[in-house]
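Single-structure report; data block below.
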Amino acid sequence: MRVKADLHIHSVISPCADLEMSPVNIVNRALANNLQLIAIADHNSTLHGPLTKELAKRHGIHCLYGAEITSKEEIHCLCIVETENQRVALQDFIENNILKISNKPDVFGYQVVVNEQEEIIQEVDYYLHAALNKSINEVSEFLQSIQGIFIPAHVDRLKYSLTSQLGFIPPDLKFDALEISKNSKVSDFCSHNRIESSKTFIRNSDAHYIHQVGEIYTEYEINDISLAGLRDAFDKKNGAFVYPFQ
Ligand SMILES: [Zn+2]
Ligand SMILES: [Zn+2]
């Protein structure tokens, strides 16, 4: 089946995301934009995953857990998992390795967890955009160890990307796909960076504001809407694939 997915959505817990980015509003917007699969990928946090998944399920939308981890080199890494055990392992990995700097909400933004009624139930006191004390290779290895999906985020951007921080894609780095912004053509990016064009590229909204949810998405041909189905599409296995875009 052909599935429309946005796997990089920030919620209100991300300091830079708009306060309207509650799980309720995100799911309603995903529904309005006909997304069948979403992932919440907050900066170094998975805490809004469970509520978003529950709300999405009521509307027939599949929600995966995620986080956008900042590596030691200040590279953003889109990390996606499926089960509650994997989410807890990912959350523990972040909490055990992030540089804990106090958040200053009036400077960096609020980092709050809300419930279905949009009441604040938790506030994270350390700054969530800080880097982990783990290299990008170590983050990739950790995701492999918990059978999660690892995708270097917005690889073409001038900030917090593989190309901005390292200037190249390390040949030994294992990843499931590369995320590219809508501002770059895959063919141009591959030729400028000497990357095989056979690598799998995806696009996501990286939404920080509600109108951005699903504004940019990727379509997948998958047999089953799950992490395994996505992995098949990335690996072009079992008839699954990512629909090409320019
Ligand atoms: Zn990012
Ligand atoms: Zn992001």
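Just a few scattered comments:
- With contacts taken as Cα pairs under 8 Å and at least 6 residues apart, the chain reaches a relative contact order of 23 percent.
- Summing Cβ point charges (Lys, Arg +1; Asp, Glu -1) relative to the Cα centre of the chain gives a dipole of roughly 620 debye.
- Amide H contacts under 5 Å for residue 13: 112, restricted to partners 5 or more places along the chain or on a different chain, H placed in the peptide plane at 1.01 Å from N.
- By the helix-only formula, in which each DSSP H run with n ≥ 4 contributes -39500 (n - 2.57) and the sum is divided by residues, the chain has a 222 nm mean residue ellipticity of -8000 deg cm²/dmol.
- Gain upon complete extension [residue 1, residue 199; 0.36 nm per residue less C-alpha separation]: 69.1 nm
- Positive-end residue of 165, 9, 25, charge dipole of segment 2-242 with Cβ unit charges: 165
- Segment 1-69 and segment 109-135: distance between their alpha carbon centers, rounded to Å: 15 Å
- Burial ordering of 160, 65, 126, fewest other beta-carbon atoms within 10 Å first: 126, 160, 65
- Cross-link pairs beyond the 22 Å C-alpha cut-off, checked among 53/134; 57/199; 72/174; 4/182; 72/100: 53/134; 57/199
- Fewest-first sequence of 134, 100 by Cβ atoms within 10 Å of each Cβ: 100, 134
- Total formal charge among the other residues, if their Cβ is under 15 angstrom from that of residue 197, Lys/Arg +1 and Asp/Glu -1: +1
- Which of 163, 52 has the fewest Cβ neighbours within 10 Å, and the rest in rising order: 163, 52
- Label-to-label distance for residue 210 and residue 101 is 3.1 nm, based on points extended 7 Å past Cα in the beta-carbon direction.
- Overall form of segment 150-198 per C-alpha gyration tensor (a/c, 1.5; a/b vs b/c): rounded
- Summing charges over all other residues whose Cβ lies under 14 Å from the Cβ of residue 126, with Lys and Arg as +1 and Asp and Glu as -1, gives -2.
- At an R0 of 22 angstrom, the distance between the Cβ atoms of residue 174 and residue 33 translates into a FRET efficiency of 0.10.
- Three-way shape call for the chain based on the alpha-carbon gyration tensor, with the a/c threshold at 1.5: oblate
- Rg/Rh for segment 23-138, where both radii come from Cα atoms and Rh is the Kirkwood radius: 0.98
All of the numbers you see were taken from the coordinates with simple rules; none came from a lab. What you are looking at is a predicted structure, and each value in this text was computed from that prediction instead of being measured. Counting neighbours? That spans all protein chains shown, and the Cβs are built from the backbone with ideal geometry, glycine included.
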